[in-house]
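The structure appears below as structure tokens.
The values are calculated or read from the model by the stated rules, or taken from the named source; none is laboratory data. What you see is a predicted model; the values in this text were computed from it and never measured. In this analysis, Cβ positions are derived from the backbone assuming ideal geometry, glycine residues included, and neighbour counts consider all displayed protein chains.
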Amino acid sequence: MKSYLLISDSDETAERLATALGSEAGQLERWSLAEVAADGGALITTPIRGRRPETVILGPDTLEQGTFALAAQIDASWPGVALLLVSGADAATLRAAMRAGIRDLLDPAESAEDWAATIATAHEAARAHQSASEEQAPEASAGPSSQVVVVLSSKGGSGKTTVATNLAVGLAAQAPTVIVDIDLEFGDVANALRLTPDRWLQDVVFGPARNDTMVLKSFVTEHESGLFAICAPERPEDAGGITGEHVAHLVQQLAQEYRHVVIDTPPGLAEHTLAALELASDGVLVCGLDVPSIRGLRKELDILGELGLRPRREHLVLNNVDPRGGLSVADAEKALGRDVDVVIPAHRSLRLATNEGVPLLRSTRRGRIAKALLGLVERVRAGAGGAS
Ligand SMILES: Nc1ncnc2c1ncn2[C@@H]1O[C@H](COP(=O)(O)OP(=O)(O)OP(=O)(O)O)[C@@H](O)[C@H]1O
Ligand SMILES: [Mg+2]
């Protein structure tokens, strides 16, 4: 017997849904938003009458109240559920909805028959997806101990590439590590590591490497530290057609082969960054010690929270810290409402390292800058069990 759950305060939606379900309307359970909110979402993880619903419908009134976070929670708690959102959505909402695991939209402007057809299709697709993923589970998942680390920041020039390349070099000293540059337009991992790759990101996401790990591994560029790298396209025009889905597929492939996958990103939350975050075990949040950067980070964390994309482990790095700037680390912690994990002072050795294409940790492990970077390496390793 099928079971349906509607989470909504809208009587009109409930009536429309009952009409759409016809003889199955008796299997429809309804929760109010207040009920779901009351226990901080714990309700979502418990079965209803001993079983979990096969189809969950949200909205339309949930939109203002963290719908996507709720959807992501449902998707994670009840894998294989067919999630639908009542909304006549624009493209941005649609994209966010899909990322939160929502399968399709029920447009209030459509008829009850249209709704019935959409619900049936979503239900079938969820069921097919569930059985396919159960069959493929061992191959589809990342290696048991692999770690996907996304380095991100709301602002340009905050030190993402500096942090990502040093972190990757530090991790590579202990275990197989690959860095992927998904800053498609202005990626500069190749420069930061002074690499001259034969193959670039576009070569590994299109063509034979996509389906053949041996080919993929032969397409990565090796750095003299033992780190492997997949560099962003040399020219922005070569990045055409690379989608979030390409990035996700590549990250999954790499997670099978390398213990650590470090991902350098462009500023903000581009489609490719969101795709990587969906697979991330760790997020390294790079932030400057200035008001715009701190505000930007707060906003970024709010958005990721709403999308249900906050990584399991977060490492907050305050970079380029100069006490003469007027703000202290404590000010940043107060504004962000959380502790800063790593503080990297402003220092010309890092600028020099960028210009020379030699990450600081390749030339020294001494001094307060190297110590701060090594602190990050250890923090990230420890999160993965530290046993690399
Ligand atoms: N702590 C620091 N002290 C001094 N210079 C720094 C520090 N961190 C980074 N830099 C310098 O700031 C510049 C920008 O750093 P980086 O390229 O790592 O930033 P990014 O966030 O990757 O930039 P983009 O958004 O353009 O990708 C570089 O020249 C780098 O050497
Ligand atoms: Mg960069």
Which helices (runs of 4 or more DSSP H) does region 142-246 wholly contain that include 3 or more residues that are crowded, with 24+ Cβ neighbours inside 10 Å? 160-172
Being modelled with pLDDT of 95 or more and touching an Asp or Glu at 6+ places or on another chain (Cβ under 6 Å) narrows A330, A372, A353, A346 down to just A346
Between S131, S146, which is among the polar types (S, T, N, Q), under 17 Å from the mean Cα position of the chain (by Cα) and at pLDDT below 95? S146
Scan region 255-273 and tell me whether some residue there is closer than 14 Å to V151 by Cβ, in contact (Cβ under 8 Å) with a residue 12 or more places away in the chain, part of a helix (DSSP H, G or I) and of a type outside the set (F, W, Y). yes
Need a quick list: helices (runs of 4 or more DSSP H) entirely within region 325-386 having at least 1 residues that are free of Cβ contacts under 8 Å to residues at least 12 places away in the same chain and either outside the structural domain of R312 (by TED's automatic domain parsing) or within 16 Å of V163 (Cβ to Cβ) (or both). 348-356, 367-383
Show the residue pairs that are 6+ apart or on different chains and have beta-carbon atoms under 9 Å apart, the first residue being within region 220-234 and at negative phi and touching a residue at least 12 places away in the same chain (Cβ under 8 Å), the second being assigned to a strand (DSSP E or B) and among the aromatic types (F, W, Y). V220/F228; T221/F228
Candidate set from region 2-21 (those that are polar (S, T, N, Q) and touching a strand residue (DSSP E or B) at 6+ places or on another chain (Cβ under 9 Å)); member that is nearest to T121 (Cα to Cα): S3
If you go through region 152-173 one residue at a time, do you hit one that is closer than 28 Å to V342 by Cα, at pLDDT 95 or above, more than 15 Å from ligand 2 (Cβ to nearest atom) and not aliphatic (A, V, I, L, M)? yes
Selected residue [more than 28 Å from the chain's Cα centre (by Cα) and buried (at least 17 other Cβ atoms within 10 Å of the Cβ)] from A346, A384, A372: A346
Candidates L327, L289, L304, filtered to the one that is under 21 Å from the mean Cα position of the chain (by Cα), on the phi < 0 side of the Ramachandran plot and surrounded by 15 or more Cβ atoms within 10 Å (Cβ to Cβ): L304
List every residue pair whose Cβ atoms lie under 8 Å apart, where the two residues are 6 or more positions apart in sequence or sit on different chains, the first residue falls within region 155-169 and is over 11 Å from L193 (Cβ atoms), and the second residue, located anywhere, is in a helix (DSSP H, G or I) and within 6 Å of ligand 1 (Cβ to nearest atom). G159/L350; T162/L350; T162/T354
